[in-house]
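Working notes, beginning with the structure itself.
The values are calculated or read from the model by the stated rules, or taken from the named source; none is laboratory data. Nothing here was measured: the structure is a model prediction, and the numbers come from that model. Cβ placement follows ideal geometry from the backbone for every residue including glycine, while neighbour counts extend to all protein chains displayed. Just the protein is used for accessible areas: all its heavy atoms, side chains included, with ligands, DNA and RNA removed. Shrake-Rupley method; radii C 1.70, N 1.55, O 1.52, S 1.80 Å.
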Amino acid sequence: MPIQENIQIKPIDSHCHLFDEKFNEDRIELIGTSFEKLDGLVIIIEEPFNISPSSLIKHPKIRYAVGYHPYYSEKVVAENLDTLNLFLNTGHVSGIGEIGLDYYHCKVPKDIQRKAFIQQIEFAHHHNLPIVIHCRDAEKDTYEILRDYHKNVPSVVLHCYGGDVDMVEHFLEMNCYISFAGNITYPKAVELRKSAEQVPLEFLLIETDAPYLAPQPVRGKRCLPGYVLYTAEKIAEIKKVDINDIIRSTNQNTRKVFSLG
Ligand SMILES: [Zn+2]
């Protein structure tokens with residue numbers, strides 16, 4: 001499927017994992033070529049204990065979000081979040097994430113996940129930074145925690161949204177941004193497409209979650225940041241608006257949330 005040809009603006013990938021080992025061979029080259037198709041990247045560092053802050057690639061169109069993925073909730077208590085401070089000191093971090101709850105894989109007991117989640121929201125509060133949330137099969141608990149804490153941070157992004165339509169309404173009531181990834185293009189993702197229909201353009205974000213979740217036309221391949229166009233295209237189709245309007249709004253939202261110039 002060729003991407004639409006009438007694209008006038010380059011999109012921003014608001015969530016990718018370019019420090020994943022799948023990019024070890026060609027990271028710098030890939031980032032360089034990404035800007036042929038993209039106007040910005042938000043790179044997620046979800047294993048801050050595994051990456052040196054000095055290895056962050058500095059570029060005016062790149063911002064970072066750093067946080068302990070729920071898989072590593074146990075480390076949050078042990079490391080006392082000092083690691084995150086080292087990343088903040090680089091001046092290239094403008095978000096805390098991805099943090100949250102994963103009851104699908106549930107590698108860590110739920111109460112420890114909740115504790116680590118709250119602890120990192122408080123860290124974001126202290127530094128006045130937005131949060132990027134990973135929520136899998138844990139919408140209810142995520143909602144309850146956010147109800148208590150969302151006002152403490154400048155903004156909340158629910159990344160790679162996977163909940164149902166009813167929950168979208170609840171998250172929107174708290175002014176959360178809802179971000180959709182390439183899985184919205186999968187034939188079975190009917191509920192996701194209904195959810196996207198509900199999200200007003202001013203709260204919509206798009207992402208790849210690269211190297212995961214390559215969109216349908218390239219499914220099974222290593223996902224690349226440039227594939228965010230497939231998500232933009234699908235959402236334009238769902239919402240029956242011009243793809244340029246989707247890109248314009250999502251770029252504006254991403255720039256605002258992550259202070260991307
Ligand atoms: Zn992610």
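Heavy-atom accessible surface of Tyr227, to the nearest 10 Å², is about 40 Å², with a 1.4 Å probe and all protein chains retained.
Pairs of Cα atoms in the chain fall into 5 Å distance bins, from 0 up to the last occupied one, in shares of 1, 6, 14, 19, 21, 18, 12, 6, 2, 0, 0 percent.
For region 1-60, the share of accessible area belonging to carbon and sulfur comes to 49 percent (1.4 Å probe, ligands and nucleic acids excluded).
Per residue, the convex hull spanned by the alpha carbons of region 39-131 comes to 94 Å³.
Spatially close Lys pairs in region 109-261, defined by Cα atoms under 13 Å apart and a spacing of eight or more places or different chains, total 4.
In this view, the solvent-accessible surface of Ile57, computed with a 1.4 Å probe and all protein chains in place, comes to about 40 Å². Here the Debye sum runs over all C-alpha atoms of region 1-87 as equal scatterers in vacuum, and log10 of I(q)/I(0) at q = 0.20, 0.22 Å⁻¹ comes out as -0.98, -1.11.
Relative to the Cα centre, the charge distribution of region 91-238, modelled as +1 at Lys and Arg Cβ and -1 at Asp and Glu Cβ, gives a dipole magnitude of about 520 debye.
Roughly speaking, to the nearest percent, how much of region 62-125's 1.4 Å accessible area is carbon and sulfur?
On the way: 1210 of 2510 Å².
With neighbouring chains kept in place, the figure for region 62-125 is 48 percent.
Over region 116-261, with the other protein chains present, what is the accessible area per residue in square angstrom, probe 1.4 angstrom?
Working: 5990 Å² over 146 residues.
Normalised by residue count, the accessible surface of region 116-261 is 41 Å².
Summarising the overall dimensions of region 190-246 from its C-alpha atoms, the Rg and Dmax are 11.4, 31 angstrom. Accessible surface ranking for Glu29, Glu197, 1.4 angstrom probe, highest first: Glu29, Glu197. Per-residue 3J(HN,Hα) values for region 170-177, derived from phi via the Karplus relation 6.51 cos²θ - 1.76 cosθ + 1.60 with θ = phi - 60°, read 4, 5, 5, 4, 9, 6, 6, 7 Hz in sequence order (x marks Gly and Pro).
Report, ordered by chain and residue number, the lysines lying within cross-link reach of Lys37, taken as a straight Cα distance under 17 Å and ignoring same-chain residues fewer than 8 apart. Excluding near neighbours in sequence, the set is Lys10, Lys61.
Reported to the nearest whole Å, the Cα centre-to-centre distance from region 164-203 to region 1-65 is 23. Based on Cα contacts under 8 Å between residues 6+ apart, region 111-214 shows a relative contact order of 23 percent.
The Cα-based radius of gyration and maximum Cα-Cα distance (Dmax) for region 107-180 are 11.6, 32 Å.
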